[in-house]
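J.: Pasting a structure below so you can have a look.
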Amino acid sequence: MYISAESLDDLLLKVYERLLKVRKKVLPRKGSNAELQGVLLRIGDPRMRFSRTEIKSTLVSCLGELVWYLSGSNELAFIQYYIERYGQYSDDGTTIHGAYGPRMFSDEGTSQFSKVRDLLKQHSDTRKAVIQIFDASDTEQEFKDVPCTCTLQFMARYGRLHLFVNMRSNDAYRGLPHDVFAFTMIQEIMARSLGLELGTYKHAVASLHLYDDCRESAEQFIREAFQEKIPMPPMPKADPFLSIPVVLDYERRIRQGERVPVRSIPIDPYWADLIRILRFHSYAKRGRSRDANSTVVRYMHSNVYDAYFRKVQAKAQAKEEDLPQKELFPPVLSEASDEVPSR
């Protein structure tokens, strides 16, 4: 089965419509679901990588998962800051066995990403530019989490870098939007590292499924219907690894509750905006998204993310109607002295 669309939202709409028509169910370990087998998904514009719908406002959790990958970390506390449910997938309460970061970005210069980048630099037409995620050792014992992704294959053709992702299994509602976001960002990072333009994105899945407890949410997504097709800005043409270490440093400091002014950040505005989104999230986690207008949002370089900010602030406003204001919005401190409570 082949499903193609220009944007993530259009792709999800087609996927959910087909999965909701499936009547036969399968019952694997994680619960009853409707399944499509052997599906190839295509996104024509990989920069239209995050959902603009009300129900799937996943920008920050997608971005959080991406920086977790780029850091090479398998720490549970790191990713739980963005996605709480990861706790159910830890075997030891501290790490995630199936974390993608150590498998892709373990060490600069020796990581799979670095080796593939070097291979493409040496021979641009190679068909060996493959990052392996799922490993034979993942089947040697029972783990709570093993990678759903088998491989990422990069193919440089005629000045563009295409990405082909192979999945053994994919949760269409919870997992697919996050995978598309992270992998197309990694695709663009690789492309910029090689001086290439962004190509198409293809995503092959053996088992693409919709769990029973997500059916109602998928139906609501369909009811929202048309969404504006607004891509993320193009990534700067400079080597991304001049800026990514700065992003990771700011992210760590924000997540750990340090005072991080974001008015002026010494990297390209594209990357600085991603840091500001993470800073906004730190306010939202403390019920202070309204305060972030003056300390974060006003300094954004791009307006592409405005819809996300409005959604978060609308939710905060709805809560404010039910709770005393002092419980949602503690007194505002200047950004330079802003104390973030420990988690």
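Values quoted throughout were computed directly from the atomic coordinates according to the rules given, and no laboratory measurement underlies them. Being a predicted model, the structure only gives us computed values, none of them experimental. In this analysis, Cβ positions are derived from the backbone assuming ideal geometry, glycine residues included, and neighbour counts consider all displayed protein chains.
J.: Taking the highest mean first, how do the peptides 170-176, 65-71 order by number of other beta carbon atoms within 10 angstrom per residue?
T.: Packing order, densest peptide first, comes out as 65-71, 170-176.
J.: Another question, if that's okay. Could you rank the peptides 198-211, 150-163, 306-319 by their average count of other C-beta atoms within 10 Å per residue, with the highest value first?
T.: Descending packing order for the listed peptides: 198-211, 150-163, 306-319.
J.: Pop a pseudo-label 7 angstrom from the Cα along the beta-carbon direction at both R259 and R168 and give the gap in nm to one decimal.
T.: 4.9 nm
J.: Among the GluC sites (Glu not before Pro) within segment 79-183, which fall in a DSSP loop and have no more than 13 other Cβ atoms within 10 Å of their own Cβ?
T.: Filter output for segment 79-183: E108, E140, E142.
J.: Right, here's the next one. At R0 = 25 Å, how high is the FRET efficiency between K319 and D212 if r is their beta carbon distance? Nearest 0.05 is fine.
T.: The pair K319/D212 has a calculated efficiency of 0.30.
J.: Go ahead and run the numbers for FRET between R127 and L40, Cβ-Cβ distance against an R0 of 25 Å, rounding to 0.05.
T.: My answer for the efficiency is 0.85.
J.: Hey, could you grab the Kirkwood Rh for segment 89-163? Inverse mean 1/r over distinct alpha carbon pairs, Å, one decimal.
T.: 13.8 Å
J.: State the extension gain, in nm to one decimal, for the chain segment bounded by I230 and S294, taking 0.36 nm per residue of separation less the distance between their alpha-carbons.
T.: Full extension from I230 to S294 adds 20.6 nm.
J.: Next question, about the same structure. In nanometres, what is the gap between the two model label sites at T94 and D138, each 7 Å from Cα along Cα-to-Cβ?
T.: My value for the distance between the label points is 2.4 nm.
J.: Report, in debye and to the nearest 20, how large the dipole of segment 175-253 comes out about its Cα centre when Lys and Arg carry +1 and Asp and Glu carry -1 on their Cβ.
T.: The calculated dipole for segment 175-253 is roughly 300 debye.
J.: So for each of 274-287, 2-15 I average, over its residues, the number of other beta carbons within 10 Å; can you give me the resulting order with the highest mean first?
T.: Highest mean packing first, the order is 274-287, 2-15.
J.: On to the next question. Between K25 and R310, 0.36 nm times their residue separation minus their Cα-Cα distance comes to what?
T.: That works out to 98.8 nm of additional length.
J.: Relative to the Cα centre, what is the charge dipole magnitude of the chain, using +1 at the beta carbon of each Lys and Arg, -1 at the beta carbon of each Asp and Glu, and rounding to the nearest 20 debye?
T.: 640 debye
J.: Along the charge dipole of the chain, pointing to its positive end and built from +1/-1 on Cβ of Lys, Arg, Asp and Glu, which listed residue (F241, S124, T58) has its Cα farthest out?
T.: With unit charges placed on the Cβ atoms, the residue in question is S124.
J.: Just how far, in whole angstrom, is segment 18-52 from segment 191-261 if you go by their alpha carbon centroids?
T.: Taking the Cα centre of each part, segment 191-261 and segment 18-52 sit 18 Å apart.
J.: Name the residues whose placed amide hydrogens come within less than 5 Å of the amide hydrogen of S51, ignoring near sequence neighbours (fewer than 5 apart) on the same chain.
T.: Answer set, sorted by chain and number: T58.
J.: A follow-up question, please. For segment 35-153, what are Rg and Dmax over the alpha carbons, in angstrom?
T.: So, for segment 35-153, Rg and Dmax equal 16.1, 45 Å respectively.
J.: Sort all Cα-Cα distances of the chain into consecutive 20 angstrom bins from zero, then give the percent of pairs in each bin up to the one containing the longest distance.
T.: 29, 60, 11, 0
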